[in-house]
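Worksheet: the structure to be examined is printed underneath.
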Amino acid sequence: MEDLEKKLKIMYTEEQIQNRIKEVAKKIDEDYKGKTVIIISVLKGAIFFTVDLVKKMKTPIILEVMQVSSYQGTQSTGNIIVKKGLDTNIEGKDVLIVEDIIDTGYTLKYLKEYLQSQNPKSLKIAVLADKKERRKADVKVDYTCFEIENKYVVGYGFDVDEIGRNIPYIGYLEEE
Ligand code: 5GP
């Protein structure tokens, strides 16, 4: 991992990440006042963001996890499968999907439609990072911590072939 870290440039420090998450948590608390929200954390990358976000929220939460993946190569293709579904019934509940990054948008579009079919009372999306310029699928993101350039990010949940998730800041790989 040291070799990986040597190749990384810092995009956001731990402090910048925590400060921004605090702001977003406050906004979420305002929007969900008096409600209990089901948080669906999308494995694996969003674990780190989810933990820090919910600890900064005052709103009561029920924590759930899901895992999805695209089944053709590593690039998002829109061919998404649910690897781990929900263990709970979300019908009539307020639900917030927490994801690490939205890139093309195919993953979250699929996930939103999949969950919408289970008739939640409300369904929103929070992301740590948004590569807006890369969007191909139309999906509304309700809470965004950072809008980022089209760079491959690593750390704070983001991996390169499963390595680097526990780097505490968000870095990016420079083009070689
Ligand atoms: P989308 O379906 O929006 O194109 O893809 C979202 C998924 O692509 C994310 O959940 C993440 O797994 C992966 N992804 C997109 N950009 C990056 C990146 O810069 N770094 C890492 N580690 N994963 C990324």
| note | Expected output for the range 86-106 (first residue over 20 Å from Phe49 (Cβ atoms) and in contact (Cβ under 8 Å) with a residue 24 or more places away in the chain, partner open to solvent by less than 40 Å² (accessible area, probe 1.4 Å) and assigned to a loop (DSSP other than H, G, I, E, B), Cβ below 9 Å, 6+ apart or cross-chain) is Ile90/Pro120; Glu91/Pro120; Gly92/Pro120; Lys93/Pro120
| query | Can you name the residue in the range 137-157 that is of a type in the set (Phe, Trp, Tyr) and either in contact with a Pro (Cβ under 9 Å, 6 or more places away or on another chain) or not in a strand (DSSP E or B) (or both) and, of all such residues, is surrounded by the fewest Cβ atoms within 10 Å (Cβ to Cβ)? | reply | Tyr152
| request: Taking the residues in the range 1-22 that are among the acidic types (Asp, Glu) and without any contact (Cβ under 8 Å) to a residue 24 or more places away in the chain as candidates, determine which candidate is surrounded by the most Cβ atoms within 10 Å (Cβ to Cβ). | output: Glu15
| task | May I ask you to list pairs of residues, at least six apart or on different chains, whose Cβ atoms are under 7 Å apart, with the first in the range 158-174 being near the ligand (Cβ under 10 Å from one of its atoms) and in a loop (DSSP other than H, G, I, E, B) and the second being among the β-branched types (Val, Ile, Thr) and open to solvent by less than 50 Å² (accessible area, probe 1.4 Å)? | result | Gly164/Val154
| note | All conditions in (1) within 30 Å of Lys6 (Cα to Cα); (2) part of a helix (DSSP H, G or I) are true of Asp100 except (2)
| message | Checking Arg134 against (1) buried (at least 16 other Cβ atoms within 10 Å of the Cβ); (2) farther than 16 Å from Lys9 by Cα; (3) within 9 Å of the ligand (Cβ to nearest atom), only one condition comes out false. Which one? | response | (1)
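Residues checked against (1) outside any loop (DSSP other than H, G, I, E, B); (2) buried (at least 20 other Cβ atoms within 10 Å of the Cβ); (3) at positive phi; (4) not hydroxyl-bearing (Ser, Thr, Tyr):
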{"position": "Phe49", "(1), (2), (3), (4)": "yes, yes, no, yes"}
{"position": "Lys58", "(1), (2), (3), (4)": "no, no, no, yes"}
{"position": "Ile81", "(1), (2), (3), (4)": "yes, no, no, yes"}
{"position": "Glu91", "(1), (2), (3), (4)": "no, no, no, yes"}
{"position": "Thr107", "(1), (2), (3), (4)": "yes, yes, no, no"}
{"position": "Glu113", "(1), (2), (3), (4)": "yes, no, no, yes"}
{"position": "Ile125", "(1), (2), (3), (4)": "yes, yes, no, yes"}
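The values are calculated or read from the model by the stated rules, or taken from the named source; none is laboratory data. Computed from a prediction, not measured in an experiment: that's the story for all the values here. Don't worry about glycine lacking a Cβ; one is built from the backbone with ideal geometry, like all the others, and counts go over all protein chains shown. Just so you know, the surface numbers come from the protein's heavy atoms only, side chains and all, with ligands and any DNA or RNA stripped out. Shrake-Rupley method; radii C 1.70, N 1.55, O 1.52, S 1.80 Å.
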